[in-house]
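Take a look at the structure set out below.
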Amino acid sequence: MTDRLTAPTISSRHPAAERKDFGLTPWAIRGELILNCNCTVFCPCVVSLGNHPPTEGYCQAWAGVRIDAGHYGGESLSGLNVGLLLEIPGLMARGNWKAAAFIDDRASDTAYHGLVSIFSGRAKGTTGLFSILVSEFLGAERAPVSFATEGGTRRLTVGRKIEGEVVPVRGADPGRDIVVTNTRYWMGPDVTVATATKGRVRAFGRVWDFDGRSAEICAIDWSGPGGRR
């Protein structure tokens, strides 16, 4: 199985500039997101809503999304996974992001294009802010994307591009995760504090190793216009 693109690559021109009729297809996704970035401690963007800089002054991150239930129009997205690459030069709220998406190679053509629309921000709704914050969409590729859970450990593998594993940080009561709750973070209000036991990226000219750095686990419940059903 190859992790090379088997559908047309998305232009680096931002998708929001390509067509005006996106955002009319109802969509919804429920599942879980994991993220590992280069912050040395828990990412300050979660509680500051992007108004506090990352601990290193800039952000480099990979993320994985497991879709437990979802649809794009009449096409099911349930059971699919997505990998993401994010690069932010400073304050998250100031934009100028670069991003790329790796779409599960099990997705149908309709599901593939729907997920590209969702994760580029074209589909509006919860992820619509990407169309404002992302100045350069590096591209989208079909790839074998695996999202596995074993106890508290989450693992993401995207071909040979991303190898990630995150675990919750232990609290005083080892049976309970440390959770930042009631946030206004766009991904979801409750974010589990985690760390990466593996965080390697080899994609789009980026070579990153974020083992031991900040990570997050977040239940997601996202939708676009009219997406709930």
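The values are calculated or read from the model by the stated rules, or taken from the named source; none is laboratory data. All figures in this text were calculated on a predicted structure; none of them were measured in a lab. Cβ placement follows ideal geometry from the backbone for every residue including glycine, while neighbour counts extend to all protein chains displayed.
Given (1) crowded, with 17+ Cβ neighbours inside 10 Å; (2) in contact (Cβ under 8 Å) with a residue 60 or more places away in the chain; (3) among the aliphatic types (A, V, I, L, M), where does A219 come up short, assuming only one miss?
All conditions pass for A219, except number (1).
Could you say whether any residue in the range 117-125 is without any contact (Cβ under 8 Å) to a residue 60 or more places away in the chain, surrounded by fewer than 18 Cβ atoms within 10 Å (Cβ to Cβ) and of a type outside the set (S, T, N, Q)? Spell out how you get there, then give the answer.
So the first thing to find is which residues in the range 117-125 are without any contact (Cβ under 8 Å) to a residue 60 or more places away in the chain, and the list is 119.
With surrounded by fewer than 18 Cβ atoms within 10 Å (Cβ to Cβ) added as a condition, the list becomes none.
No, the range 117-125 has no match at all.
Name the one entry in A111, A99, A140 that is crowded, with 19+ Cβ neighbours inside 10 Å and within 23 Å of P53 (Cβ to Cβ).
On the way: A111 fails: within 23 Å of P53 (Cβ to Cβ); A140 fails: within 23 Å of P53 (Cβ to Cβ).
Answer to the selection: A99.
Which residues, counting only those in the range 170-219, are basic (K, R) and either modelled with pLDDT under 95 or not in a strand (DSSP E or B) (or both)? Let's see the steps before the verdict.
Narrowing the range 170-219 to residues basic (K, R): 170, 176, 184, 198, 200, 202, 206, 213.
Passing the criteria: R170, R176, R184, R213.
Test of understanding: among V180, V169, V201, which residue is within 24 Å of V41 (Cα to Cα) and in contact with a helix residue (DSSP H, G or I) (Cβ under 7 Å, 6 or more places away or on another chain)?
Details: V169 fails: in contact with a helix residue (DSSP H, G or I) (Cβ under 7 Å, 6 or more places away or on another chain); V201 fails: in contact with a helix residue (DSSP H, G or I) (Cβ under 7 Å, 6 or more places away or on another chain).
Being within 24 Å of V41 (Cα to Cα) and in contact with a helix residue (DSSP H, G or I) (Cβ under 7 Å, 6 or more places away or on another chain) holds for just one of V180, V169, V201, which is V180.
Are any of the residues in the range 160-167 small (G, A, S) and more than 14 Å from A63 (Cβ to Cβ)?
No, the range 160-167 contains no residue that is small (G, A, S) and more than 14 Å from A63 (Cβ to Cβ).
Which residue is farthest from G74 (Cα to Cα), if the candidates are limited to the range 90-118 and must be at pLDDT 95 or above and among the aromatic types (F, W, Y)?
Filtering first and then ranking leaves F102.
Could you tell me whether any residue of the range 106-128 is touching a Gly at 6+ places or on another chain (Cβ under 6 Å) and under 22 Å from T197 (Cβ atoms)?
No.
Tell me the residue from T197, T192 that is touching a Pro at 6+ places or on another chain (Cβ under 6 Å), surrounded by 15 or more Cβ atoms within 10 Å (Cβ to Cβ) and hydroxyl-bearing (S, T, Y), please. If you could, list the steps in order and put the result at the bottom.
On the way: T197 fails: touching a Pro at 6+ places or on another chain (Cβ under 6 Å).
Exactly one residue qualifies, and that residue is T192.
With the structure loaded, tell me whether F147 is assigned to a helix (DSSP H, G or I) and either within 13 Å of the chain's Cα centre (by Cα) or free of Cβ contacts under 8 Å to residues at least 12 places away in the same chain (or both) or whether it fails that test. Step through it out loud before you land on a result.
On the way: assigned to a helix (DSSP H, G or I): no; either within 13 Å of the chain's Cα centre (by Cα) or free of Cβ contacts under 8 Å to residues at least 12 places away in the same chain (or both): yes.
No, not satisfied.
If you go through the range 72-79 one residue at a time, do you hit one that is in a loop (DSSP other than H, G, I, E, B), surrounded by 21 or more Cβ atoms within 10 Å (Cβ to Cβ) and modelled with pLDDT under 95? Give the steps one after another, and end with the answer.
If we filter the range 72-79 for residues that are in a loop (DSSP other than H, G, I, E, B), which is where we start, we get 73-74, 77-79.
Add one more test, that the residue is surrounded by 21 or more Cβ atoms within 10 Å (Cβ to Cβ), and what stays is 77.
Checking the rest, the ones that are also modelled with pLDDT under 95 come to none.
No, every residue in the range 72-79 fails to be in a loop (DSSP other than H, G, I, E, B), surrounded by 21 or more Cβ atoms within 10 Å (Cβ to Cβ) and modelled with pLDDT under 95.
Go through the range 50-71 and give me each residue that's in contact with a Leu (Cβ under 9 Å, 6 or more places away or on another chain) and either aromatic (F, W, Y) or in a loop (DSSP other than H, G, I, E, B) (or both). Before you say what the answer is, go through the steps one by one.
Taking the range 50-71 and keeping what is in contact with a Leu (Cβ under 9 Å, 6 or more places away or on another chain), we get 50-54, 59-67, 69-71.
Answer for the range 50-71, where residues must be in contact with a Leu (Cβ under 9 Å, 6 or more places away or on another chain) and either aromatic (F, W, Y) or in a loop (DSSP other than H, G, I, E, B) (or both): G50, N51, H52, P53, P54, W62.
I need the full set of residues from the range 5-27 which are hydrophobic (A, V, I, L, M, F, W, C) and either modelled with pLDDT under 80 or buried (at least 21 other Cβ atoms within 10 Å of the Cβ) (or both), in order please. Break it down stepwise before answering.
Keep residues of the range 5-27 that are hydrophobic (A, V, I, L, M, F, W, C), which gives 5, 7, 10, 16-17, 22, 24, 27.
L5, A7, I10, A16, A17, F22, W27, listed by residue number.
Would you call G114 in a helix (DSSP H, G or I), in contact with an Asp or Glu (Cβ under 7 Å, 6 or more places away or on another chain) and of a type outside the set (F, W, Y)? Quick ask: steps written out before the conclusion?
Values: in a helix (DSSP H, G or I): yes; in contact with an Asp or Glu (Cβ under 7 Å, 6 or more places away or on another chain): yes; of a type outside the set (F, W, Y): yes.
Yes, satisfied.
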